Amino acid sequence: MSRLPQTTAHVQITRRSWQEGAIEGEVNANGWVWRFCWCFRAGELKVEPSVGRALICEPLSRFLEKSDYLLEPGSNYSFVIRSSL
């Protein structure tokens, strides 16, 4: 049985504001780097640059929705993407 591909994504939280309802940070995976803003009150995830955005949006969104209250500015986190980037 072949093993499913996977990539580890590393997330650094740079800013969190409960008043604004937003968490900002950077995510990198296998040489790709994106900046993001998770507007959790609106349920909106903004990711830049647009190159490769489709690869990271869904797994990053799931990670943020699951962990948003635990994420602290200045901290680093990781999660596994079940595909090869």
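A simple spin-label model places pseudo-atoms 7 Å from Cα toward Cβ; at S84 and N28 they are separated by 2.2 nm. Its Cα centre serving as origin, the chain has a Cβ charge dipole (Lys and Arg +1, Asp and Glu -1) of approximately 240 debye. The distance between label points at K66 and Q19 comes to 3.2 nm (points 7 Å beyond Cα on the Cα→Cβ vector). Here is the P(r) of segment 6-50: all C-alpha pair distances, binned every 5 Å from 0, give 6, 22, 29, 22, 13, 6, 2, 0 in whole percents. One quarter of the convex hull surface built on the alpha carbon atoms of the chain amounts to 5.8 nm², the projected area averaged over directions. Helices in the chain, meaning DSSP H runs of at least 4 residues, each add -39500 (n - 2.57). Divided by all residues, the mean residue ellipticity at 222 nm is -6000 deg cm²/dmol.
Throughout, read-outs are computed from the coordinates displayed, never taken from laboratory work. Predicted model, so just to flag it, every value in this text is computed and none were measured. All Cβ positions, even for glycine, are placed from backbone atoms using ideal geometry, and neighbour counts span all protein chains on display.
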